[in-house]
Amino acid sequence: MSIRSRICRWLIAAIVAGDLVGAGAARAQQIPADEPAFTAFVAERIRAEIRDAPVVIKGPLTLSVGPLQTNLDRIYAFCKANTGGCAREIGAYVSGVKATASSRNDQPTRAALRVVVRSADYMQRALREVDARGPALTRPLVEGLVIVPVLDSPRAVRVFNDKDRAALGLTQDQVFDIAIANLRNSVKPLTTVAKAVPSGQFGTLTGD
């Protein structure tokens, strides 16, 4: 191959590589920066994944997916601060919404019961997202924090509500007792995995 031919091939390869990089940048730039357009963008992504439930824009950064409400404020804040990871984060968010919507009709089981800790403010917002399945159950932990029963499945974690409780024939106290016992049996105590870290160093936690 002549030197001229090699140079031509190098130039073509460079142009193609540049086009690919430019296309990637263009795709990243397609994610809108303002709240209404960002909301519409994510709504379209969810519609493409969920065909059996209407996706409605209820306001800036607020969508309804069937009877569920989803808020985009956290993912929007992430994208504002991390444009490079925005597309990946939106993809993960859409997958989570799809999993949650798919698991709505899964039958509750005692084995799936767990408890999580959430802020009281967070739960006030989340309760607006609870659909006709009934109100969620909460129990105070300390000031500003509550314990919330959830159903933990391979596809999603969803809030356990009063209709689930009735389906399992449990009292509220039994729900919390079973959920706490399941959690204790499924994870190690924090004191056994969170080892003391010397001054000036960082520690890490792995696993669940």
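The values are calculated or read from the model by the stated rules, or taken from the named source; none is laboratory data. Just so it is clear, the model here is predicted, and its values are computed rather than measured. Please note: Cβ atoms are built from the backbone with ideal geometry, for glycine as well, and neighbour counts cover all protein chains shown. These area figures cover heavy atoms from the full protein model, side chains too; ligands, DNA and RNA do not enter into them. Shrake-Rupley method; radii C 1.70, N 1.55, O 1.52, S 1.80 Å.
Say whether the condition of being modelled with pLDDT of 90 or more, over 16 Å from the mean Cα position of the chain (by Cα) and on the phi > 0 side of the Ramachandran plot is met by at least one residue in region 70-83.
No: zero hits.
Is there any pair linking a residue in region 80-109 that is open to solvent by less than 50 Å² (accessible area, probe 1.4 Å) to one that is at pLDDT 90 or above and of a type in the set (G, A, S), with Cβ under 6 Å and at least six apart or on different chains, and which?
If the second residue must be at pLDDT 90 or above and of a type in the set (G, A, S), the pairs left are P108/A167.
Only one residue in D131, D152 is modelled with pLDDT of 80 or more, of a type in the set (D, E) and under 17 Å from D106 (Cα atoms), so which one is that?
On the way: D131 fails: modelled with pLDDT of 80 or more.
Every option except D152 fails the conditions.
What are the pairs, 6+ residues apart or on separate chains, where a residue within region 144-165 that is in contact (Cβ under 8 Å) with a residue 60 or more places away in the chain has its Cβ under 7 Å from a residue that is among the hydrophobic types (A, V, I, L, M, F, W, C) and surrounded by fewer than 19 Cβ atoms within 10 Å (Cβ to Cβ)?
A156/A99
Consider only pairs whose beta carbons are under 6 Å apart and that are at least six residues apart or on different chains; among these, list those whose first residue lies in region 40-53 and is aromatic (F, W, Y) and whose second residue is part of a loop (DSSP other than H, G, I, E, B).
These pairs meet every condition: F41/P32.
Consider region 57-74. How many of its residues are surrounded by fewer than 19 Cβ atoms within 10 Å (Cβ to Cβ) and not basic (K, R)? Spell out how you get there, then give the answer.
Narrowing region 57-74 to residues surrounded by fewer than 19 Cβ atoms within 10 Å (Cβ to Cβ): 57-60, 62, 64, 66-69, 71, 73-74.
Retained after the next criterion (residues that are not basic (K, R)): 57, 59-60, 62, 64, 66-69, 71, 73.
Total meeting the criteria: 11.
Within the bounds of region 165-179, is there any residue that is open to solvent by 80 Å² or more (accessible area, probe 1.4 Å), at pLDDT below 90 and under 24 Å from D121 (Cα atoms)?
No, region 165-179 has no match at all.
Residues of region 148-183 being within 19 Å of A99 (Cα to Cα) and either among the aliphatic types (A, V, I, L, M) or assigned to a loop (DSSP other than H, G, I, E, B) (or both), which ones? Quick ask: steps written out before the conclusion?
Initially, region 148-183 is screened for residues within 19 Å of A99 (Cα to Cα), giving 149-161, 164.
Across region 148-183, the qualifying residues are V150, L151, S153, P154, R155, A156, V157, V159, F160.
Residue check: is V159 modelled with pLDDT of 95 or more and of a type in the set (A, V, I, L, M)?
no
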